[in-house]
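Please read the structure below before turning to the comments.
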Amino acid sequence: MLQLQPWLYRLLLPESRHSLRQRLLIILLVPLMLLLVFNSLITYAGALIYSNRVHDDSLTSDALTLQQMLATQDPDGRISPQARFLLEYDPGGHNYYSYFSVRSARHGLLAGNNTLQPPAGLGRLSDVPRLYDVHLGHRSLRAASVTMPNTRDPGDILTVTVAETLRDRHLVARQILLLSIPAQAVLILAVFLLVWFGVRTGLRQLDPLSARLALREHDLSPIGETGVPVEILPLTRTIDELFARLRNMLALQERFIADAAHQLRTPLAGLRVHAERAQAHPDPATVSDSLQHIRQLIERANRTSSQLLALTRAQSTEPDAAASTRLDLAELIPDLVRRRVHEALAAGIDLGYDGPAEPQWIEADSHTLQELLDNLIDNGLRYAGRGASMTITLAREDANICLGVEDNGPGVPDEWLARLGERFFRVPGCQAEGSGLGLAIVQRIAERHHGSVRYRSGDAGGFRVEVRFPAT
């Protein structure tokens, strides 16, 4: 279908808010008008062809008639009054101008217009007139020439030529066009009215859907496809997808509020207790001890809130396509590990890396991937214990790239491995501080990147986490 440019819409629809009905009518009206113009050109061309054919037949007839008159009445080449009347007769009164000439091959012009020349190559006797175009001054003419023997000079050939201007031909074509345009305009107007009625009737099918949506307040359930016209199913499906994303966002928001209230209740209660203790016992030792506990509780609350935000971001349905890039894990992972070496040494843990030198490409968001590795390293530093070692490994496995984090700490009993990755789950009996959100964040980030997470005991005891990403 014809594509209309935006400037044409602004010209035809100057209002700031455009109507879909008006757009559809314009899209249909403009091609109809162009069709009228094109059809008029075709009609004019056809009428001109018809007019040329009729006038060519008349011109040929005039040439043959003049030939017969010369053969029977004017052997010396003079034009009789009857022949001259025939050539100059204009039945329509259009003043379209006619010209003639009679030429002898031996004696030159015998009668008529000296500048009207016969066509080149017309030297043999022929009873069939030849039609051709010729210019006489500033006028374009259509001419017909026929030859005949000169009865007064045996061996001589006379060439009879008659010509006329093209004015009458174009006049007839324009008259035919003017007669056809009203009928075409009425037909196109009728088609336009039918299209307008059809568009108006068709768009009324959107009214029930609009009424259904208007009745909703906080209902984000899918619209569905019942009673929806096929043409707008893509629109309703897109709206349903939007509703699904909104439901997911609201659910994440409610879950975040509930989790924050649950996780921050204990630190806030502790802050209140130690603040009251410092007020009740203002001696320096008690105040210093209370401030130390308050600082630890603030750090715990800060870490918990940061992990809650990270978990909420990781629980969104899809990664940001604009932020995803092609990353080389063989270059990125060692750099991230080097940043955590000093922290590991302070915790008494030997942190190392073992991986290939060749590039290992995946499609991922570098920020969230760094967050995933930081949580894995934090988990090892928190639970492996002083004196333990932790190794970050990277390996290619068929169509996947496996990122592993393994330590030789106390490990996790097999019966609890299946629950790792659940929000707020902590292995019973574990004395180290934590919120139970680190592995949940790792799980969600891996899923967002179409990866998987596996928890198992290490090869030499301890604990091992394996995250697999599709290689690119």
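Quick notes
- Assessment of segment 240-253 against the conditions (within 25 Å of the chain's Cα centre (by Cα), modelled with pLDDT of 75 or more and of a type in the set (A, V, I, L, M)) yields at least one matching residue.
- Restricting the search to strands (runs of 3 or more DSSP E) fully inside segment 353-472 and requiring at least 2 residues that are touching a residue at least 12 places away in the same chain (Cβ under 8 Å), in the same structural domain as L329 (by TED's automatic domain parsing) and polar (S, T, N, Q) gives 389-397, 452-457.
- Answer from L246, L209 - the residue that is outside the structural domain of Y50 (by TED's automatic domain parsing), touching a residue at least 12 places away in the same chain (Cβ under 8 Å) and surrounded by 14 or more Cβ atoms within 10 Å (Cβ to Cβ): L209
- Among the residues making up segment 438-472, those that are farther than 16 Å from H367 by Cα, modelled with pLDDT of 85 or more, in contact with a Phe, Trp or Tyr (Cβ under 9 Å, 6 or more places away or on another chain) and among the hydrophobic types (A, V, I, L, M, F, W, C) are F463, V465, A471.
- Of the residues in segment 381-390, none is surrounded by fewer than 18 Cβ atoms within 10 Å (Cβ to Cβ), of a type outside the set (A, V, I, L, M, F, W, C) and under 22 Å from G451 (Cα atoms).
- Matching option when the condition is outside any loop (DSSP other than H, G, I, E, B) and either over 19 Å from D57 (Cβ atoms) or at pLDDT 85 or above (or both), among V162, V128: V162
- Per-region count, segment 356-375, residues surrounded by 18 or more Cβ atoms within 10 Å (Cβ to Cβ) and modelled with pLDDT of 90 or more: 2
- Selected residue (only one of L4, L41, L48, L59 is assigned to a helix (DSSP H, G or I) and either modelled with pLDDT under 80 or under 24 Å from G112 (Cβ atoms) (or both)): L59
- Test result for R142, assigned to a helix (DSSP H, G or I), surrounded by 12 or more Cβ atoms within 10 Å (Cβ to Cβ) and among the basic types (K, R): no
- Filter result (buried (at least 18 other Cβ atoms within 10 Å of the Cβ) and of a type in the set (S, T, N, Q)) within segment 145-184: S145, T147, N150, T159, T161, T165
- Selected residue [assigned to a loop (DSSP other than H, G, I, E, B) and in contact (Cβ under 8 Å) with a residue 24 or more places away in the chain] from D219, D153, D168: D153
The values are calculated or read from the model by the stated rules, or taken from the named source; none is laboratory data. All figures in this text were calculated on a predicted structure; none of them were measured in a lab. We place every Cβ from the backbone using ideal geometry, glycine too, and count neighbours over all the protein chains shown.
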